[in-house]
Each structure stands twice: as C-alpha cells, then as structure tokens.
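Notes follow once the structure below has been shown.
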Amino acid sequence: MSQDAQFTHAHMVRFERVLPGPIEKVWAVLTDTQWLPGWYGAGAIEPQAGGKVELMGGHIKGVVTQWDPPQRLAYTWNVYNPGDTVSPYPESYLTLTLAPSGNDVALTLEHLPVLERFVKLNAMGWQTYLDMVAAAAHGETVQSRDSYMAKNAKDYGIDLANPLA
C-alpha cells in the first residue's frame with residue numbers, strides 16, 4: 001500500500017420511503033419538475049444520461065449521471081449562490097432508486113458527500129422533499145415547501161431564522 005494514501009469518511013444522507021404505486025407515477029413526480037414546482041422552482045431535469053439539471057432558478061445545477069426509467073435517477077448536485085459562476089461548495093451526488101413493493105413503490109434517496117456543518121440541514125431538506133413527493137404520490141395537494149420545512153425543522157431542532165447555529 002502506498003504510504004501517501006489517505007482514507008476518509010464522507011457524510012451521507014439516506015432515506016427510505018414506501019409510496020403508493022404505480023412506479024411510473026412516482027418516477028414522473030421525481031423527474032418532471034411540473035409535479036413539484038414548490039420544490040424544483042424554475043428549472044428542469046433533461047431526461048437522459050448527460051442531461052442538464054437546473055433547479056430553483058439556477059440555485060442547483062448538475063448533470064444526469066444515470067437515467068434508467070423507472071428504476072434509477074442520479075445526478076450531480078451543485079449549489080450556487082446568486083451571482084456565482086463557480087459553486088463555492090463541493091460537488092455532491094443525488095441518487096433516487098425505485099423498486100416495486102407489492103402494489104407500492106420503495107423509494108431510496110441517497111445524497112453524498114454532505115459537509116459536516118450541513119448534515120442536519122441537508123436531512124431536513126431531503127425530508128421536506130420526500131414529504132412533498134409523498135403528498136403528490138398520494139394524490140394530495142402539495143403544500144408549500146415552507147410549511148413542510150417548518151415542521152421538519154422542529155423535528156431536527158433547527159431554528160430556521162438561524163439554521164447553522
């Protein structure tokens with residue numbers, strides 16, 4: 001083994017949810033930004049490997065790395081602040097995997113790496129996203145992102161007025 005090798009661990013957020021089928025509907029909710037405008041904002045996910053990802057009016061940008069309907073979607077996740085031409089954060093990776101589970105659909109979300117200072121915020125954000133996905137999959141009215149986020153912030157002990165405190 002090389003003496004200059006370093007072994008590190010990266011934080012990852014992982015969620016598993018069971019949603020009502022059919023799997024094609026859940027796939028549509030995950031890939032068609034019109035289903036969740038309160039989450040995706042202005043933007044789109046280009047439906048192919050190598051496709052462009054731009055969400056929340058350019059706040060999130062990436063590239064589709066896996067497009068395997070209706071089982072797997074993966075893309076890079078880069079956070080940009082207004083006016084940035086280069087993201088000040090490390091590139092990360094989002095993977096959404098679907099599998100039949102009887103009449104339901106098992107959804108696994110994995111996001112990594114997550115910077116240590118953002119672990120709770122990241123988990124709260126993805127829980128908010130999944131709550132919105134679940135509402136859409138159940139045929140319910142999807143509430144505003146802020147309403148889900150307020151509930152989830154309490155669960156994670158996050159003060160939304162000062163989220164990194």
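The values are calculated or read from the model by the stated rules, or taken from the named source; none is laboratory data. Keep in mind the model is a prediction, meaning the values are calculated, not measured. FYI the Cβ positions are ideal-geometry reconstructions off the backbone, even for glycines, and counts take in every protein chain you see. When the accessible area is computed, the model is the full protein with side chains, heavy atoms only, and any ligands, DNA or RNA have been set aside. Shrake-Rupley method; radii C 1.70, N 1.55, O 1.52, S 1.80 Å.
For a quick check, take a GNM of the chain with Cα springs below 10 Å and name the residue from Val133, Val53, Val86 with the largest mean-square fluctuation.
Greatest mean-square fluctuation among the candidates belongs to Val86.
Mind telling me which of Tyr89, Tyr148, Tyr40 comes out most flexible in a GNM of the chain, alpha-carbon contacts under 10 Å?
Its mean-square fluctuation being the largest, the pick is Tyr89.
Can you give me the three principal axis dimensions of the stretch 94-165 from its C-alpha atoms, in Å, biggest first?
The Cα atoms of the stretch 94-165 stretch 42, 29, 15 Å along the principal axes, largest first.
Let's see if you can work this out: charge +1 on each Lys and Arg Cβ, -1 on each Asp and Glu Cβ, no other charges. What is the dipole magnitude of the chain about its Cα centre, in debye to the nearest 20? Present the calculation step by step, with values, prior to reporting the outcome.
Details: 11 positive and 17 negative charges, 34 e Å.
Dipole about the Cα centre, nearest 20: 160 debye.
Once every DSSP H run of n ≥ 4 in the chain is given -39500 (n - 2.57) and the sum is divided by its residues, what mean residue ellipticity at 222 nm do you get, rounded to the nearest 500 deg cm²/dmol? Could you put the intermediate results ahead of the total?
Working: 4 runs with 44 residues, N = 165.
The helix-only estimate for the chain comes to -8000 deg cm²/dmol at 222 nm.
Starting from 0 in steps of 10 Å, tell me what percent of the Cα-Cα pairs of the stretch 6-165 lands in each bin.
10, 38, 40, 11, 1
Under 27 Å between alpha carbons, and skipping anything fewer than 8 positions from Lys25 in its own chain: which lysines qualify?
Partners within reach: Lys52, Lys61, Lys151.
Enter the accessible area per residue of the chain (Å², integer; probe 1.4 Å; all protein chains in place).
Numbers: 9200 Å² over 165 residues.
That works out to 56 Å² per residue.
So what is the relative contact order for the chain, in percent, with contacts set as C-alpha pairs under 8 Å and at least six apart? Each step should come with its number before you reach the end.
Numbers: 300 pairs, mean separation 39.1, N = 165.
Computed over the chain, the figure is 24 percent.
Let me check I've understood the local charge: for Val105, count other residues with C-beta under 10 angstrom from its C-beta, Lys and Arg +1, Asp and Glu -1. What total comes out? Numbers along the way, then the final one.
Working: positive: Arg17, Lys25; negative: Glu24, Asp104.
Once all neighbours under 10 Å are counted, the net charge is 0.
Would you mind telling me the share, in percent, of accessible area of the chain contributed by carbon and sulfur at probe 1.4 angstrom?
C and S fraction of accessible area: 52 percent.
Which whole-Hz couplings ³J(HN,Hα) result when phi for each residue of the stretch 123-137 is put into the Karplus expression 6.51 cos²θ - 1.76 cosθ + 1.60, θ = phi - 60°, listed in order with x for Gly and Pro?
With coefficients 6.51, -1.76 and 1.60, one gets 4, 4, x, 5, 5, 4, 4, 5, 5, 5, 4, 4, 4, 5, 5 Hz.
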